[in-house]
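Nothing in this text is a laboratory measurement; each read-out follows from the coordinates by a stated rule. Not measured: the values here are computed from a predicted model. All Cβ positions, glycine included, derive from the backbone under ideal geometry; neighbour counts span all protein chains shown.
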Amino acid sequence: MPAWQELYERKKMTAKSAVGKIKAGDRIFVGTGCGQPQLLVDELVSDDNNIVDAEIYHLLTQGEAPYIAERYARKFRTASFFVASNVREAIAGGRGDYIPMFLSDIPSLFKSGKLPIDVALIQTSAPDRNGQLSLGISVDIVKAAAENSLTIIAEVNEKMPRTFGESTISLELVDAVVQSDRDLLEFSLPKADPVVDAIARNIVTLVEDGATLEVGIGNIPQAVLNYLSGKHDLGIHTEMFNDAVIPLVESGVINGSRKTINRGKITASFCLGTRKLYDYIHENPLFEFRPSEYVNDPFVISQHRKMTAINVAIEVDMTGQVCSDSIGYNFYSGVGGQVDFNRGAARALDGKAIIALPSTAREGTISRIVPKLTEGAGVVLSRADVRYVVTEYGIADLFGKNIRERVLSLAEIAHPDYRNEILKEAKNRRYVFQHQKELPTAGIQYPRESETTRILADGSELFIRPIKPSDETALRDMFYDLSEKSIAFRFFQPVKSFPHKFIQDFTTIDFSKDMAIVALVKDLGGDQIAGVAHFYLNPATHHAEVSFLVRDDWQAKGLGTILLDILTDIARKRGIQGFEARVLANNQLMLAVFYNSGYKVTTKREEDTYLISYAFKDRV
């Protein structure tokens with residue numbers, strides 16, 4: 001018999017005997033998530049022990065947290081690093097405490113002795129052939145808490161998978177072994193929700209092939225995994241994951257082949273899932289579980305090229321401040337790894353830090369993008385930290401934006417019922433121009449279905465989408481890049497300046513009547529506008545007046561024809577019967593676009609201008 005087996009036999013005892021090692025006033029750590037040691041927790045709250053005035057610490061636990069019940073107030077007081085649903089009411093009622101900390105910093109509390117742990121209650125796998133106990137599905141802060149506690153009590157469960165990485169505890173460190181055959185706690189994927197799904201689909205547009213993902217705690221980040229089937233060579237470096245990774249691994253979408261570090265591995269600190277997931281990760285070398293001080297280290301995170309971090313918020317104010325751990329004065333969740341991953345991803349080469357949230361709460365009665373945070377709400381991410389904010393209505397890219405631009409971008413993705421409330425308050429605070437146009441609140445909202453990608457003959461790729469009020473700066477830059485000739489072709493007169501009041505007429509569109517699209521090209525400074533096209537409906541004639549403007553360096557490449565084709569398709573679907581346009585007689589490129597449109601074009605000369613018109617029914 002190997003020496004470790006003899007040691008194992010000597011340390012075996014009943015749960016009652018093991019918990020009997022806990023003294024009055026001890027600080028007790030309880031294992032995380034679905035790895036919570038259920039047998040030991042049940043014994044902890046038994047009336048048969050003499051524990052009093054003890055303190056219980058944990059990150060978050062699935063299932064019950066019976067020790068926080070009011071009838072155990074004499075025995076325990078709980079302190080949680082994350083306010084999960086099983087302790088939320090009790091902490092709000094004053095029977096427990098919340099410790100706001102970055103997840104990456106929590107292990108240092110235990111290692112430094114600043115938070116001394118007397119007893120760690122953990123759940124492990126059965127020993128491997130070397131006598132090592134695997135923490136299995138929950139390594140996170142459990143490893144640091146256990147290895148720096150005075151007493152370790154391990155609930156050893158054959159049903160706990162053995163995982164690779166830095167996931168083991170030496171049997172020599174363990175003071176008591178309690179054998180268990182209970183089923184591990186499970187976490188099922190949430191039911192489909194149309195708002196969550198819409199947000200997830202918006203986020204997926206930001207995920208590039210070869211990206212490394214962090215999917216934080218919450219329904220939205222986990223839902224993103226359901227929409228990644230079209231991506232290639234994704235990697236995972238995340239604090240947690242669930243069953244949704246399995247089909248992505250099996251299909252090859254997630255393979256880690258382009259990860260900068262830990263290549264070919266799915267790196268995490270814990271997982272929440274079902275038995276199917278636990279069996280899948282058991283002794284699976286693709287998965288490596290590491291402690292939070294590694295997984296959540298912003299320096300480690302930032303080493304991944306295209307690191308894409310996806311986290312959630314409770315509310316975001318119009319300047320970009322993010323509250324994600326409280327609803328007003330009431331603590332609701334926790335800081336967790338949000339700041340760790342947000343800052344790590346923001347510093348990564350081609351990284352993206354994403355904050356997601358539904359646009360409303362309480363069945364649409366309140367907005368979650370607000371003029372100011374609710375009284376008592378804590379700022380978890382400062383406005384300088386925030387890069388992308390995503391709702392079901394779109395994506396706001398805030399990086400490098402001034403307050404006026406941020407207000408417009410966030411108002412665009414707020415629920416239509418609340419957009420102009422945000423703008424009104426912004427005007428009161430002088431954050432935006434006093435003549436800023438209100439945003440449409442009824443009818444057709446941003447028509448996402450009109451987004452498309454087109455390739456020009458020279459191989460240039462353009463993303464074409466409906467225009468947004470937040471495109472004002474980019475459109476202004478385009479206008480100032482135009483030659484005098486191009487300006488005259490579009491405006492029929494010299495125009496020397498393009499102030500806000502002028503520009504916003506082109507960017508604030510009532511999509512229920514009119515349409516405007518922009519062609520975007522990626523540049524070192526971000527997306528730039530290569531061309532813009534509008535149509536304005538004349539309800540009396542059921543025709544629309546159409547106009548185009550293409551930047552000089554993009555002219556004669558076929559972009560005008562593409563823009564006309566897209567506008568035509570949109571107009572026909574809306575029941576518009578034809579187009580009209582006014583074109584200078586010497587604007588040969590624009591005239592050619594109309595003459596080659598495939599429709600029977602009627603022209604009428606008025607001095608130096610042609611009046612162009614055609615009906616969609618009259619194809620050549």
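Listing for the model above:
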read-out	value
For peptides 266-279, 305-318, sequence by mean Cβ density within 10 Å, most packed first	305-318, 266-279
Debye, to nearest 20: dipole size of the chain, +1 on Lys, Arg Cβ, -1 on Asp, Glu Cβ	1200
Lys pairs under 22 Å by Cα in segment 449-615, provided they are eight or more residues apart or on distinct chains	10
Estimated dipole of segment 203-329 in Debye, rounded to 20 [Cβ of Lys and Arg +1, of Asp and Glu -1, Cα centre]	400
³J(HN,Hα), Karplus 6.51/-1.76/1.60, whole Hz, each residue of segment 403-409, x for Gly, Pro	4, 4, 5, 5, 4, 5, 5
The chain, helix-only ellipticity at 222 nm - DSSP H runs n ≥ 4, -39,500 (n - 2.57), divided by all residues, nearest 500	-7000 deg cm²/dmol
Estimated FRET transfer efficiency when R0 is 45 angstrom, pair residue 480-residue 442 (beta carbons, to 0.05)	0.85
Above-threshold pairs, the threshold being 31 Å between Cα atoms, out of 75/191; 11/265; 143/259	75/191; 11/265
Cα centre as origin, Lys/Arg/Asp/Glu Cβ charges: segment 194-428 dipole, Debye	520
Relative contact order of segment 340-464, pairs being alpha-carbon contacts under 8 Å that are 6 or more residues apart, as %	18
All-pairs alpha carbon distance profile, segment 3-180, 10 Å steps from 0, percent	10, 41, 37, 11, 1, 0
Options [x] 37.8; [y] 29.1; [z] 30.9 - which one matches mean projected area of the Cα convex hull in nm² as calculated here	[z]
Whole-Hz ³J(HN,Hα) from phi, Karplus 6.51 cos²θ - 1.76 cosθ + 1.60, for segment 552-567, glycine and proline x	3, 6, 10, 6, 6, 10, x, 5, x, 5, 4, 4, 5, 4, 5, 4
Net lengthening on full extension, residue 201/residue 48 (0.36 nm per residue, minus Cα-Cα)	49.8 nm
Taking the chain and dividing mean pair separation by its residue count, relative contact order in percent (alpha carbons under 8 Å, at least six apart)	9
Reach of residue 12 by Cα under 14 Å, taken over aspartates and glutamates that are not fewer than 8 positions away in the same chain	155, 172, 175
Spin-label model distance (nm) - residue 461 vs residue 603, 7 Å beyond Cα toward Cβ	3.7
5 angstrom amide H check on residue 124, placed H, neighbours 5+ away	155, 156, 157
Backbone HN-Hα couplings from phi across segment 36-42 [Karplus 6.51/-1.76/1.60, Hz, Gly and Pro as x]	4, x, 4, 4, 5, 5, 4
Extreme residue, positive dipole direction of segment 449-615, given options 450, 511, 544 (C-beta unit charges)	544
Exposure proxy order (Cβ contacts within 10 Å, fewest to most) of 383, 182, 71	71, 182, 383
Other-chain or far-sequence residues with amide H under 5 Å of residue 60's (modelled H)	33
Positive-pole candidate from 369, 577, 54, dipole of the chain, charges at beta carbon	577
All aspartates and glutamates inside 13 Å of residue 111 as judged from Cα atoms, apart from same-chain residues fewer than 8 positions distant	147, 293
Furthest towards positive pole of dipole, 308, 336, 282, structure part segment 273-429, Cβ charges	308
Centroid-to-centroid separation of segment 32-86 and segment 369-423 [C-alpha atoms, Å]	38
Cβ crowding within 10 Å averaged over residues, with 319-325, 61-67, 111-117, 596-602 ranked highest first	319-325, 61-67, 596-602, 111-117
Cβ crowding within 10 Å averaged over residues, with 573-584, 211-222 ranked highest first	211-222, 573-584
Alpha-carbon centroid distance for the pair segment 179-241 / segment 544-599, whole angstrom	42
